[in-house]
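What follows is one structure encoded as structure tokens, with my remarks underneath.
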Amino acid sequence: MADDTIARRKFLLGAGTVVAAGLAQPAEAQAAPASAPAATPSPTNDPQALLVLTAAEAAFVGAAADTMIPADALSPSGTDCGVVTFVDRQLASAWGGGARMYRSGPFRKAKPEHGYQLPLTPREFFAAGIAATNTWTRKLHGKDFDRLGPKDREDALKALESGKAELGDLNGSEFFDALLTIVMEGFFADPIYGGNRDKVSWKMIGFPGLPAVYANLIDDYRNKRYIAQPQSIADFS
């Protein structure tokens with residue numbers, strides 16, 4: 001298991017530099033739609049009130065995040081880093097409600113390179129994926145995904161990734177890709193969006209935060225290592 005943890009960490013480290021540097025949700029995507037239903041706070045390590053995730057959904061996201069980002073010497077767990085809050089805010093946003101998605105159909109099976117082809121909004125897609133995965137793990141283990149042991153959780157995620165999980169009409173591989181992407185975004189994004197609490201991932205990879213702030217130091221530190229406390233959007237607001 002230790003070797004698997006290091007492998008997951010190397011993958012996150014490699015992807016994190018790109019995600020941290022490039023991820024910035026538009027302001028309008030952060031506003032929760034007025035019709036978003038209130039959800040019961042979940043029993044996760046995240047103290048902030050949830051906007052749309054149910055308790056069961058938040059528990060699922062937390063368990064998946066902690067399996068992908070386990071607490072170790074490099075960082076706290078995914079839930080302790082605020083990933084559940086990030087995911088909840090994204091799904092409560094205009095993006096989660098499919099505000100800019102074409103949803104009139106027809107919806108046909110297409111090649112992966114054609115992108116997202118489902119009639120569901122991101123919020124609906126994650127709700128369906130979580131429900132289908134929990135149904136599948138109950139058939140296999142008699143428990144929802146978040147109640148599985150660490151090894152069974154990891155095996156379940158691998159089955160989703162490979163498309164071997166039996167989720168009915170829902171494509172497990174597509175759901176895994178979406179889940180992995182949003183967990184990574186929550187871990188590496190600017191803390192203003194709810195994840196990357198205390199800038200833990202930026203400190204882990206040496207990312208300084210807003211790049212434009214350091215433009216005047218490029219010549220002084222050319223070919224030299226530059227170490228600075230990372231700064232987020234909130235630090236300049």
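Whether any residue in the stretch 218-230 is surrounded by fewer than 20 Cβ atoms within 10 Å (Cβ to Cβ) and not in a loop (DSSP other than H, G, I, E, B) is what I want to check. No - not one qualifying residue is present in the stretch 218-230. Selection within the stretch 203-237: residues that are within 27 Å of the chain's Cα centre (by Cα) and of a type in the set (D, E, K, R). The member of this set that is modelled with the highest pLDDT is Lys203. The residues of the stretch 133-173 that are among the aromatic types (Phe, Trp, Tyr) and touching a residue at least 60 places away in the same chain (Cβ under 8 Å) amount to a single one, Phe145.
You will find that of Glu161, Glu174, the residue that is open to solvent by 70 Å² or more (accessible area, probe 1.4 Å), at pLDDT below 95 and closer than 25 Å to Thr133 by Cβ is Glu174 and no other.
When Lys139, Lys151 are checked against the criterion of being at pLDDT 95 or above, closer than 18 Å to Ala56 by Cβ, open to solvent by 60 Å² or more (accessible area, probe 1.4 Å) and of a type outside the set (Phe, Trp, Tyr), a single residue qualifies: Lys139. Across the stretch 157-178, not a single residue is classified as touching a Leu at 6+ places or on another chain (Cβ under 7 Å) and more than 23 Å from Lys109 (Cβ to Cβ). Among the residues of the stretch 179-205, just one is open to solvent by 30 Å² or more (accessible area, probe 1.4 Å) and over 21 Å from Pro70 (Cβ atoms), namely Ile192.
The values are calculated or read from the model by the stated rules, or taken from the named source; none is laboratory data. These figures come from a predicted structure and were not determined experimentally. Note that we place each Cβ from the backbone using ideal geometry, even for glycine, and neighbour counts take in every protein chain shown. Note: accessible area is taken over every heavy atom of the protein model, side chains too, but ligands, DNA and RNA are not part of it. Shrake-Rupley method; radii C 1.70, N 1.55, O 1.52, S 1.80 Å.
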